[in-house]
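Worksheet: the structure to be examined is printed underneath.
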């Protein structure tokens, strides 16, 4: 019974430790998530900066796994190339050692104060950065408390025969010890927690230095497995280059570490600290050596990964860019022309999506809804590709005219993506609701909606031609279309109100639903005007600052 209580208590404090780490990670990511990602993407221009960025971010969020997944996402979006990404991962691995170094001094006395401050911030502030930082303080306090309890639990286990036998068996089988620590770190998603436990084992004499260092090597290997399993879920092998490359550095480092392990205890003892600090120092020195060995070799290592994991693309995939030629980046005029051609593809996809939406609304076609949703998601992906392509051009080589053209392309692409988003969440959502409720529009509403959607498709064609021609009169005509859609919604609202006044309560729900459809149709048209007409009119100085009339 005593053994069962010990096992339950040990498991509970391990869970509390992992939950504390989770709260710190989520608190920091919620507080600085977007800004942290933007700063991280911009700060990786060179190998030393990428290394330092990975180190600092990991030290802040206390998870090299989360950092690895973030960097892998940047690499897939084209914001970070493979070589700086690998350098950032080496820095992330060193960043975890700094956390362990801080925890090796046992700052348990800070735990109650951190929890007190964190709870006060969490309870007294509205959702925002301050409240999220309070969450991080609570997690850090729980982490320190759980570590202190785990350390105290190991004291009566010094004489436990079962634990001693198990650790002795692991000491005689270094490969098994390495694999066991790897599996534990992979399951816990935290090398910090595992290394701190190893420090506790070493401090109480339950693990000799050689076994402790072997377990540390396993923790370093296990933390590189999660980014491989959780990143790159598509069929493109190139999406797994960065996490696989990081795992490769860990495997090679562990093999070298196992070969040099017999000399490690003497080296750590020469540093003159106790066994627990020896574990933390070994963890730090191992990652520094791996980083120092691989930093000069990252470029040939990246070329090897590119050969082993080649880029694979489906030529029939509509989400695959067709005109964004990487070799055209050196000539800005050519690159901008390619981006403009890709942006025009969005109008073709949006036209097909709107035609399917029209069929779903007027003919109750359930299959058209699924196809239209897919096309809208493709438009979003292509817009992201265009934005990334333009954002990574050399800004210093652009002339003022090129900069203006770049902004026009970005505006056109983003507004087309917004139009697809309104169509997907609004019009397609209304089509699904119409299908589920078994509602039916009357003949007048169907005729009016059909005419409105036809007009919307015509405006889309005008927007596409206007993006190419920049014709002033066409831009004015397209801009005046917003007035048509406003008047249409106003008339429909008046008609709906009159029907209710005459006692036709049975059509109230359908009438309100129809107004929502017209409102979202006008929203799609507004984005078309923003995409093509307003930039041309602004260039000619024909836009007012606002719609308010001047007063004395």
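Side notes on the structure shown:
- Per-peptide packing, taken as the mean over residues of other Cβ atoms within 10 Å, places 245-253, 218-226 in the sequence 218-226, 245-253 from highest down.
- Spin-label model distance (nm) - residue 295 vs residue 388, 7 Å beyond Cα toward Cβ: 2.8 nm
- Spatial offset of segment 275-306 relative to segment 117-145 amounts to 34 Å, using the alpha carbon center of each.
- Distance between the modelled labels on residue 116 and residue 515, one decimal in nanometres: 5.6 nm (7 Å Cα→Cβ projection).
- Segment 465-527: equivalent-ellipsoid semi-axes (sqrt of 5 x gyration tensor eigenvalues, Cα, Å): 34, 11, 5
- When 409, 285 are arranged by Cβ crowding within 10 Å, least crowded first, meaning fewest neighbours, the order is 285, 409.
- Binning all Cα-Cα separations of segment 333-539 at 5 Å, short to long from zero, yields these whole-percent fractions: 1, 7, 15, 17, 17, 14, 10, 7, 5, 3, 2, 1, 0, 0.
- Ranking of 26, 53 by count of other Cβ atoms within 10 Å, fewest first: 26, 53
- Inter-label distance, nm, simple model (7 Å from Cα along the C-beta direction), residue 447/residue 402: 5.6 nm
- Additional length obtainable on full extension of the chain from residue 169 to residue 425, 0.36 nm per residue less Cα span: 86.2 nm
- For segment 170-219, a/c is not less than 1.5, where a ≥ b ≥ c are the root eigenvalues of the C-alpha gyration tensor, and a/b does not top b/c. That puts it in the oblate class.
- FRET efficiency for residue 476 and residue 109, using Cβ-Cβ distance with R0 set to 60 Å, rounded to 0.05: 0.25
- Förster radius 41 Å - calculated FRET efficiency between residue 322 and residue 486, Cβ distance, rounded to 0.05: 0.65
- By the beta-carbon count within 10 Å of each Cβ, the least crowded to most crowded order of 483, 489, fewest first, is 483, 489.
- Whole-angstrom gap from segment 391-449 to segment 508-526, using each part's C-alpha centre: 16 Å
- All Cα-Cα separations within segment 169-280 were binned at 5 Å from zero, giving a P(r) of 2, 13, 20, 22, 18, 11, 7, 4, 2, 1, 0, each value a whole percent of the pairs.
- Remark on segment 329-410: hydrodynamic radius 14.2 angstrom, per the Kirkwood mean of 1/r across alpha carbon pairs.
- Working ranking of peptides 415-428, 199-212, 441-454, 11-24 by packing, defined as the average number of other Cβ atoms within 10 Å per residue, highest first, is 415-428, 199-212, 11-24, 441-454.
- Förster radius 51 Å - calculated FRET efficiency between residue 271 and residue 126 (Cβ-Cβ, nearest 0.05): 0.60
- For residue 499 and residue 461, the difference between the fully extended length at 0.36 nm per residue and the C-alpha to C-alpha distance is 10.1 nm.
Only the coordinates and a few stated rules stand behind these numbers; no lab work does. Values in this document were obtained by computation on a predicted structure and should not be read as measured data. Every residue, glycine among them, receives a Cβ derived from its backbone with ideal geometry; neighbour counts consider all protein chains shown.
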